[in-house]
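Working notes, beginning with the structure itself.
The values are calculated or read from the model by the stated rules, or taken from the named source; none is laboratory data. It should be emphasised that the depicted structure is a prediction, and the values quoted were computed from it without experimental measurement. Because the Cβ atoms are built from the backbone with ideal geometry, glycine has one as well, and the counts that use them run over all protein chains shown. In case anyone asks, the SASA skips ligands and DNA or RNA and just uses the protein heavy atoms, side chains included. Shrake-Rupley method; radii C 1.70, N 1.55, O 1.52, S 1.80 Å.
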Amino acid sequence: MQPRALVSQCLLGVPCRYDGACAGKEDVCREAAARGWIPVCPEILGGLCTPRTPAERQGERVVARDGTDVTAAYRRGAEEALRLAKLYGARYALLKERSPSCGSGTIYDGTFTGRRVPGDGVTAGLLKANGIEVFGETELSEMIQRMKWDEENDTVWQ
C-alpha cells in the first residue's frame, strides 16, 4: 500500500492563505496528484475566512495582528486535520513553512516583524505529537524519499 500524506492546500494552488493568495508549487501539485495526497487548510477547517488578518504564535496562543486571539480556531483546525489524517491513514504531512498552523521547525516570533524562531505551528505540533512525520514544502524530496523507504520496507501503516 502506498503511504498517504496530508498536504497544505495553498501549496496546491488554492488561494486560502491569510492574504487570499496561494503558494502553489508545481512539483508539489504533481506529486500530490500522482500519490493521492489529502489536501487540508487547517485555518479554513478551523472556521477562519480568506482573506483574514495575519496571525502569529505567541507562546501557546495565536494572535492576529489586530490583537484578536484566534487560538481556538487554530486548535479546531489542527484537530480537524488530525481527524482527516487518521481517517485516511496519513503518516506524513507536507505543510506550508513558517505558518502559525503549518510551520514545522521554524515559525514567526509573534512580533509581526518577520523574525523567525524555532517552533511549530499548532497543526504541525499536533500532528507530530500523534506520530505523523511533518515536512515543509522545501523538504518535498526528503519526504518522498522517506515514503519510498517505508513502502519498500513494508513499514507503512495499514
What does the C-alpha gyration tensor say about the overall shape of the range 67-110? Classify as rounded when a/c is under 1.5, otherwise prolate if a/b is larger than b/c, or oblate. oblate
Helix 71-88 sits off the longest principal axis of the Cα atoms of the chain, rounded to the nearest 10 on a 0 to 90 degree scale, by 10
Largest-first semi-axes in Å of the equivalent ellipsoid built from the Cα gyration tensor of the range 5-158 are 26, 15, 14
Semi-axis lengths, Å, the range 1-77, gyration tensor of Cα atoms, sqrt of 5 times eigenvalues: 27, 14, 9
Just how large is the dipole of the chain about the Cα centre, in debye to the nearest 20, putting +1 at every Lys and Arg Cβ and -1 at every Asp and Glu Cβ? 300
The chain: calculated mean residue ellipticity at 222 nm from DSSP helix runs of at least 4, using -39500 (n - 2.57): -10000 deg cm²/dmol
Run the accessible area of the chain with a 1.4 Å probe and give the carbon-and-sulfur part as a rounded percent. 49
Net charge, Thr50 excluded, C-beta distance under 15 Å - Lys, Arg +1, Asp, Glu -1: +1
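Before I look further, what does the range 118-158 give for accessible area per residue, probe 1.4 Å, in whole square angstrom?
About 55 Å² of surface per residue is accessible.
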Taking 0.36 nm per residue of sequence separation and subtracting the Cα-Cα distance, how much length would be gained by fully extending the chain between Asp69 and Arg30, in nm to one decimal? 10.4 nm
State, to one decimal in nm, how far the label point of Thr106 lies from the label point of Cys49, with both points 7 Å from Cα in the Cβ direction. 3.4
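For the range 99-158, give the magnitude of the charge dipole about the Cα centre (Cβ charges: +1 Lys/Arg, -1 Asp/Glu; no others), in debye to the nearest 20.
360
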With DSSP loop assignment and no more than 10 other C-beta atoms within 10 Å, the trypsin sites (Lys or Arg not before Pro) in the range 52-151 are Arg115
